[in-house]
Amino acid sequence: MFHFLGKQSGEKVTPFNFIQLSDAHVGFNGPPDPLGTKAFERAVEIVNKLPQRPDLVLFTGDLTHDSEDKDVHAQRMKQFMEISRRMNVPMIKYVPGEHDAGLDGGGLYRDIFGESYYSFDHRGVHFIGLDNVSQPKPEVGTKQLDWLKKDLSRFHKSTPIVVFTHRPLFDLRPDWEWFTSDGDNVMNVLAPYDNVTVLYGHIHRDDEHEVGHVHHYGARSLIFAFPDPEKTGDKKPMPFDKEQPFKNLGIRVVHENVGGKPQTNTVAIEEVELTAREFSGINGIQQLLKTPNF
Amino acid sequence: MKKFYALECVSGTVLLAVVLALALARPHAARADSPKVVEITAKRFEFMPNKITLKKGEPVTIRLTSADVVHGFFLRPLKIDELISPDKPTEVTVTPQTAGTFTTICDHFCGVNHGSMKMTVVVEE
């Protein structure tokens with residue numbers, strides 16, 4: 001299901017929008033979120049009703065919640081795919097989370113979704129999906145690092161690059177396993193490039209960190225949220241609020257090449273909380289969100 | 001001849017005393033120098049015990065055993081990043097330099113509740 005949009009570098013960058021979705025955990029059922037796939041389905045509905053259709057959707061891992069029963073896990077992946085395909089967008093790209101790939105090293109994931117790391121080009125932006133969950137440890141590994149070096153070698157240092165992956169590539173909170181042990185090696189490979197944006201999931205909350213000249217954006221999830229690690233030492237899902245069932249859950253709209261300057265990476269980020277009643281950045285979203293289907 | 005014999009007896013007694021003293025003294029010296037040993041068992045999805053207390057500046061050997069699959073033992077503040085194999089125990093000796101309460105996690109994916117596998121390490125002044 002993956003197709004690559006050309007291999008040429010130096011293509012002129014033209015403005016476009018894309019979406020980041022993360023952490024649907026299809027198959028999860030528990031007190032922190034008893035609604036299962038409801039938030040995911042709501043996100044799909046919002047994506048389909050955006051006034052400007054996004055060029056693509058990036059899904060940054062934990063598509064499913066794991067199960068020791070391989071058949072059950074496979075069924076969850078198929079259910080995820082069925083919901084995901086309701087999005088009326090030209091292209092959807094995925095990378096796995098540890099709940100998709102941890103139990104079997106990503107074997108089942110690759111059977112259903114294809115390669116767990118890859119790259120493609122779109123409108124002058126080079127997109128790189130990285131897998132930091134298929135090894136037992138939270139790492140990318142030397143094989144993938146070698147591939148990354150080779151993949152990047154044909155690009156000019158000013159090429160806009162978007163990396164999407166599951167775990168943060170820096171030490172956000174190591175004692176919550178919010179890190180990638182060889183993330184520094186990845187960032188060293190990316191260091192020569194001036195316009196790098198990293199999108200990731202795993203932490204179930206939106207977060208922005210600037211490390212060197214690279215912006216790292218953590219995404220909200222589509223099932224229970226985690227608290228701010230600076231305000232609590234305990235990694236426990238935030239309690240379910242039946243009055244606001246989608247509170248703290250959301251999607252991210254990324255506007256690439258704002259201003260239309262070629263060979264730049266003027267990225268603008270808009271966070272859309274699923275419970276929001278107003279969203280000023282996109283015309284029409286207010287009307288959409290005033291008629292929730294929940 | 002008798003004098004020589006007496007001297008031999010005296011020197012033999014002294015030698016015996018020295019050997020005995022060393023034999024008695026060595027274990028005490030070894031106990032004083034050897035790090036304290038703390039045993040921790042890992043099994044899906046918990047560490048037992050789930051809390052240990054160490055002393056700042058005092059060496060300790062942590063002996064890690066797995067009761068089922070391979071686990072990790074990751075504690076960045078103490079620079080510990082070990083694998084625990086069910087085949088044989090893993091030992092790591094550290095001297096904590098910072099007091100505080102730290103969370104150790106299993107960072108080797110071990111199953112569906114892997115993310116909840118953690119324990120507390122307290123380092124006292």
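Does any residue of region A:178-195 lose at least 30 Å² of accessible area with all protein chains in place compared with its chain alone, and if so which ones (probe 1.4 Å)?
Residues meeting the cut-off: A:F179.
Suppose accessible area is computed on protein heavy atoms with a 1.4 Å probe; arrange A:H255, A:H204, A:H215 from highest to lowest. Mind showing how you got there, number by number?
Values: A:H255 35, A:H204 5, A:H215 60 Å².
Output order, biggest surface exposure first: A:H215, A:H255, A:H204.
Using θ = phi - 60° and the Karplus curve 6.51 cos²θ - 1.76 cosθ + 1.60, what whole-Hz ³J(HN,Hα) does each residue of region B:37-44 get, with Gly and Pro shown as x?
For region B:37-44, the Karplus curve yields 10, 10, 9, 10, 10, 9, 8, 4 Hz.
Pull out a ≥ b ≥ c, the square roots of the eigenvalues of the alpha-carbon gyration tensor of region A:1-147, then state rounded if a/c is under 1.5, prolate if not and a/b is larger than b/c, and oblate in the remaining case. Walk me through the intermediate numbers first.
Values: a/c = 2.27, a/b = 1.19, b/c = 1.91.
Oblate shape, in that a/c is at least 1.5 and b/c is the bigger or equal ratio.
Quick one: net charge of A:E115's neighbours, Cβ under 14 Å, K/R +1, D/E -1? Don't skip to the answer; put the middle values down first.
Working: positive: A:K93, A:R110, A:K143; negative: A:D100, A:D111, A:D131, A:D151.
Around A:E115, the surrounding residues sum to -1.
How far apart, in nm, are two points set 7 Å out from the Cα along the Cα-to-Cβ line at A:H209 and at B:V92?
Using points 7 Å along Cα→Cβ, the separation is 2.0 nm.
Net charge around A:E208, counting only other residues with Cβ within less than 14 Å of its Cβ (Lys, Arg = +1; Asp, Glu = -1)? All intermediate terms of the calculation are to be shown ahead of the outcome.
Working: positive: A:R205, A:R220, A:R252; negative: A:D206, A:D207, A:E210, A:D228, A:E230, A:E270, A:E271.
Cβ neighbours under 14 Å give a net charge of -4.
By accessible area of protein heavy atoms, probe 1.4 Å, what ranking do A:F240, A:F170 get, highest first? Numbers along the way, then the final one.
On the way: A:F240 65, A:F170 20 Å².
Sorted descending by solvent-accessible area, the residues read A:F240, A:F170.
Plugging the Kirkwood radius over Cα pairs into Stokes-Einstein for chain A, at a temperature of 25 °C and a viscosity of 0.890 mPa s, what D comes out in µm²/s? Let's see the in-between values first.
Details: Rh = 19.2 Å.
D, rounded to a whole number, is 128 µm²/s.
For region A:27-40, what does the Karplus curve 6.51 cos²θ - 1.76 cosθ + 1.60, with θ = phi - 60°, yield as ³J(HN,Hα) per residue in whole Hz, taken in order and with x for Gly and Pro?
x, 5, 8, x, x, x, 7, x, 9, x, 8, 4, 5, 4
Measuring from centroid to centroid over Cα atoms, what is the spacing of region A:156-193 and region A:70-107 in Å?
Result: 23 Å between the Cα centres.
Return the value, in Å² to the nearest 100, of accessible area buried between chains A and B (probe 1.4 Å, both sides summed).
That pair hides around 1400 Å² of surface in total.
Provide the solvent-accessible area of A:R173, counting protein heavy atoms only and rolling a 1.4 Å probe, rounded to the nearest 10 Å².
Number for this one is 50 Å².
Can you tell me how region A:107-223 classifies by the Cα gyration tensor, rounded, prolate or oblate, using a/c under 1.5 as the rounded cut? Walk me through the intermediate numbers first.
Numbers: a/c = 1.43, a/b = 1.16, b/c = 1.23.
Rounded.
Would you mind checking A:K137/B:K118; A:K236/B:K43; B:K36/B:K118 for any pair whose Cα atoms are more than 18 angstrom apart? Show your work: numbers first, answer last.
Details: A:K137/B:K118 15 Å; A:K236/B:K43 21 Å; B:K36/B:K118 22 Å.
Going by Cα-Cα distance, A:K236/B:K43; B:K36/B:K118 fall outside the 18 Å limit.
Under 5 Å between amide H atoms, partner at least 5 residues away or on a different chain: which partners does A:I92 have, H built in plane at 1.01 Å?
Amide H neighbours of A:I92: A:V57.
Under a Cβ-Cβ cut-off of 11 Å, what is the net charge of the residues other than B:L75 that fall near it, where Lys and Arg count +1 and Asp and Glu count -1?
Details: positive: B:R76, B:K79, B:K118; negative: A:D175, B:D81, B:E82, B:D107.
Charge balance near B:L75 sits at -1.
How far is the Cα center of region A:122-137 from the Cα center of region A:199-214, in Å?
Region A:122-137 and region A:199-214 have Cα centres separated by 15 Å.
In debye, nearest 20, what is the charge dipole magnitude of chain A about its Cα centre with +1 on Lys and Arg Cβ and -1 on Asp and Glu Cβ, if you could check? Write out the running numbers ahead of the final one.
Details: 33 positive and 42 negative charges, 199 e Å.
Charge dipole of chain A: 960 debye, to the nearest 20.
Rounded, prolate or oblate for region B:32-92? Axes are the square roots of the Cα gyration tensor eigenvalues, ordered a ≥ b ≥ c, and the cut-off for rounded is a/c under 1.5. If you can, show how the numbers build up before the last one.
Values: a/c = 1.89, a/b = 1.69, b/c = 1.12.
Taking the square roots of the gyration eigenvalues as a ≥ b ≥ c, region B:32-92 is prolate.
Using a Gaussian network model of chain A whose springs link C-alpha atoms within less than 10 Å, name the residue from A:V57, A:V254, A:V189 with the highest mean-square fluctuation.
A:V189
Take the cross-link list A:K231/B:K55; A:K38/A:K157; A:K38/A:K235; A:K235/B:K55; A:K149/B:K51 and give me the ones stretching past 32 Å between alpha-carbons.
Details: A:K231/B:K55 27 Å; A:K38/A:K157 42 Å; A:K38/A:K235 24 Å; A:K235/B:K55 26 Å; A:K149/B:K51 43 Å.
Over 32 Å apart, Cα to Cα: A:K38/A:K157; A:K149/B:K51.
Would you grab the residues whose amide H sits under 5 Å from the one on A:S22? Only those 5+ places off in sequence or on another chain, please, with H modelled 1.01 Å from N.
Those qualifying (amide H under 5 Å, at least 5 residues apart or on another chain) are A:T60, A:L222.
Probe 1.4 Å, all protein chains in place: accessible area of A:F224 in Å², nearest 10?
Number for this one is 20 Å².
May I ask you to evaluate 6.51 cos²θ - 1.76 cosθ + 1.60, the Karplus curve with θ = phi - 60°, for each residue of region A:217-224 and list the ³J(HN,Hα) values in order in whole Hz, giving x for glycine and proline?
Working through the residues one at a time gives 10, x, 9, 4, 9, 10, 7, 1 Hz.
Search the structure for amide H atoms under 5 Å from the amide H of A:I203, placed 1.01 Å from N in the peptide plane, and list their residues when 5 or more places away or on another chain.
A:A219
The values are calculated or read from the model by the stated rules, or taken from the named source; none is laboratory data. Predicted, not measured: the structure shown is a model, and the values here were computed from it. Ideal geometry is used to build each Cβ from the backbone, glycine not excepted, and the neighbour counts take in all protein chains shown. Surface areas here come from the heavy atoms of the whole protein model, side chains and all, with no ligands, DNA or RNA. Shrake-Rupley method; radii C 1.70, N 1.55, O 1.52, S 1.80 Å.
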